[in-house]
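What follows is a structure written as structure tokens; I'll ask about it next.
What follows draws every value from the coordinates through simple rules; no lab data is involved. No experiment lies behind these values; they were computed from the predicted model shown. Positions of Cβ are backbone-derived with ideal geometry, glycine not excepted, and every protein chain shown enters the neighbour counts.
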2 protein chains.
Amino acid sequence: MVGEPAKKPSRIQIRNRRRIMDAALEVFSQHGYRGATLDQIADEAGMSKPNLIYYFDGKAAIHVALLNALMEEWLAPLAEMDEGGDPLNEILTYVRRKMDMSRRYPRESKLFANEIIQGAPRMGPHLETRLKPLFDEKCALIRGWIEEGRLAPTDPQQLIFSIWAITQHYADFEAQVRVLIPNEGAGWDAAHAHVETLFRKLLTSPETPS
Amino acid sequence: MVGEPAKKPSRIQIRNRRRIMDAALEVFSQHGYRGATLDQIADEAGMSKPNLIYYFDGKAAIHVALLNALMEEWLAPLAEMDEGGDPLNEILTYVRRKMDMSRRYPRESKLFANEIIQGAPRMGPHLETRLKPLFDEKCALIRGWIEEGRLAPTDPQQLIFSIWAITQHYADFEAQVRVLIPNEGAGWDAAHAHVETLFRKLLTSPETPS
DNA sequence: ATTGTTTTTTACCATTTGGTAAAGGCACGA
DNA sequence: TCGTGCCTTTACCAAATGGTAAAAAACAAT
């Protein structure tokens, strides 16, 4: 029942695989899947095109490997939302971490955005198996908090969508934000403050005002 | 100083230009600029590839024509935000209209999203000349309302970003939403209600709670 | 019908792109 | 030092792609 021997990868393999992934992230996030070329990725990685193919089974394989590898760390902050903590604080902490990720890893955000906008043709299954369970779990957690009266009533699913939408907006629509707010730093401080206030009000204000 | 005579386009020209734009919207919004091919667009439009080129000066020209034409109607709801109306109502009306547009014209939303994510290479100038002035104008309007004490204090720029982010999310990330909320209709009613509550609370709650 | 103009098709072309074959280089243990 | 197996390069290729040339067809005006 054992599959292949699966020899452990050499130092060179590890180094080059990582270089390829880095390069692919750069290129795929900027141009989308079909817009990216193996030549670009090879250039960026400082190696030849056939050498890419030696390490990965083609363009699609690189893309899938990237998406799958990044999915884990991208979801980590949500996974860490803890039953034990203070509800408001847990959620706001999540919001803050997502904002930080948008600022520090815009390429990852754009990579996912590209993939999803185009219908998630290569990530669909992974969404089902990895994202959906986590999403459902955290929705249940939030719903529990609300039922205990520790948060203002809100639809947990929609809440999480809002958080994703707003935080990722700053990474994905960077180009637009920069046009509209030409200050250097693109007003990150203002963005942080605004987003935090927005969700704080949503989650604490007891009633929907008229 | 007159340019070309600019004869008025024939009926056939109008019809075919429109057919091409429709087809291009479909294809570009699904695959992004580089992912779209003239053959696909020609197929979708029911005509031959050289015939496309007869009507438009190449792939880039089609794309730019699409973006520029759509920019107007896409911005219309924001333009209609009126100084004379009730502040909260004006903004919530804008939010509702943006939600409707996301539901009814997801292709347009995705077209813009693709373009912006990839750095707005073909729409940059248009952002400066058409979007920025309108954005600045409406930010000033909102700032005025806040100074008159008719809205809770908020950064108008960030407010508009949030509105865009959330409303467009439902169109752009449709694939993800459908995986996470498999109900038919993708929970549009819940989405509408949630978004309205979110911004209502932001704009009316007088103080930032602790 | 005839002529001039607009529209469409057919047949190409050069470049780009993902991918392959096969030989050459290189490190490293015996 | 000599293989042996891992890594890299060179030289290709077939398909796809944006675009062109020019003839044919459709149409409009006389």
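Scan segment B:148-176 residue by residue and report those that are more than 7 Å from every other protein chain (Cβ to nearest Cβ) and of a type in the set (G, A, S).
Residues satisfying the conditions are B:G149, B:A152, B:A171.
How about segment A:49-59: which of its residues are part of a loop (DSSP other than H, G, I, E, B) and either within 8 Å of DNA strand C (Cβ to nearest atom) or in contact with a Ser or Thr (Cβ under 6 Å, 6 or more places away or on another chain) (or both)? Step through it out loud before you land on a result.
First, pick out the residues of segment A:49-59 that are part of a loop (DSSP other than H, G, I, E, B): A:56-58.
Those that are part of a loop (DSSP other than H, G, I, E, B) and either within 8 Å of DNA strand C (Cβ to nearest atom) or in contact with a Ser or Thr (Cβ under 6 Å, 6 or more places away or on another chain) (or both): A:D57, A:G58.
Pick from B:I14, B:I41, B:I62: which is assigned to a helix (DSSP H, G or I) and over 28 Å from A:G35 (Cβ atoms)?
Working: B:I41 fails: over 28 Å from A:G35 (Cβ atoms); B:I62 fails: over 28 Å from A:G35 (Cβ atoms).
Of B:I14, B:I41, B:I62, the one residue that is assigned to a helix (DSSP H, G or I) and over 28 Å from A:G35 (Cβ atoms) is B:I14.
Evaluate the following for B:G32: is it within 16 Å of DNA strand C (Cβ to nearest atom) and away from every other protein chain (no Cβ under 14 Å)?
On the way: within 16 Å of DNA strand C (Cβ to nearest atom): yes; away from every other protein chain (no Cβ under 14 Å): no.
No.
Let me ask something else about it. Step by step: first the residues of segment A:32-61, then only those that are among the hydroxyl-bearing types (S, T, Y) and crowded, with 17+ Cβ neighbours inside 10 Å, then the one that is nearest to DNA strand D (Cβ to nearest atom). Which residue is that?
First, pick out the residues of segment A:32-61 that are among the hydroxyl-bearing types (S, T, Y): A:33, A:37, A:48, A:54-55.
Filter once more, so that each one left must be crowded, with 17+ Cβ neighbours inside 10 Å: A:33, A:55.
Values: A:Y33: 12, A:Y55: 7 Å.
Taking the candidates together, the pick is A:Y55.
Select from segment B:62-93 the residues that are crowded, with 19+ Cβ neighbours inside 10 Å and without any contact (Cβ under 8 Å) to a residue 12 or more places away in the chain and list them in ascending order.
B:E90
One line per residue, one yes/no per condition, for (1) of a type in the set (G, A, S); (2) in contact (Cβ under 8 Å) with a residue 60 or more places away in the chain; (3) on the phi > 0 side of the Ramachandran plot:
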| residue | (1), (2), (3) |
| --- | --- |
| A:V95 | no, yes, no |
| A:R103 | no, yes, no |
| A:P106 | no, yes, no |
| A:S109 | yes, yes, no |
| A:F112 | no, no, no |
| A:E115 | no, yes, no |
| A:Q118 | no, yes, no |
| A:G124 | yes, no, no |
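Okay, moving on. Considering only segment A:88-146, how many residues are more than 12 Å from chain B (Cβ to nearest Cβ) and under 21 Å from A:H63 (Cβ atoms)?
Final tally of qualifying residues: 3.
Quick test for you: out of A:R96, A:R107, A:R143, pick the one residue that is within 30 Å of B:F28 (Cα to Cα) and of a type in the set (K, R).
Numbers: A:R96 fails: within 30 Å of B:F28 (Cα to Cα); A:R143 fails: within 30 Å of B:F28 (Cα to Cα).
Going through A:R96, A:R107, A:R143 in turn, just one is within 30 Å of B:F28 (Cα to Cα) and of a type in the set (K, R): A:R107.
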